[in-house]
């Protein structure tokens with residue numbers, strides 16, 4: 001999941017599920033697989049509708065600040 005993408009348009013992108021996909025081509029950030037605040041693994045995309053971590057309620061948009069740059 002890319003926090004920057006989610007901040008722009010709060011929806012799951014299918015390419016985030018591809019096994020070899022590690023970063024966001026648009027924002028050049030590494031994809032997140034777990035909450036940067038509490039470490040909970042993200043649930044299936046259907047449960048992302050609320051836009052926050054299911055355990056600690058950190059909004060996905062705030063996680064953008066903690067994403068690392070991705071070098072292709």
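What follows is calculated from the coordinates using simple rules that are stated; it is not laboratory data. Only a predicted model underlies this, so the values are computations on that prediction, with no experimental measurement involved. Positions of Cβ are backbone-derived with ideal geometry, glycine not excepted, and every protein chain shown enters the neighbour counts.
One table, with the values for the structure above:
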quantity: Relative contact order (%) - criterion: Cα under 8 Å, at least six apart; region: the chain; calculated: 38
quantity: Descending Cα extents along the principal axes, the chain, whole Å; calculated: 31, 22, 21
quantity: Estimated FRET transfer efficiency (residue 37, residue 14; beta-carbon r; R0 25 Å; 0.05); calculated: 0.45
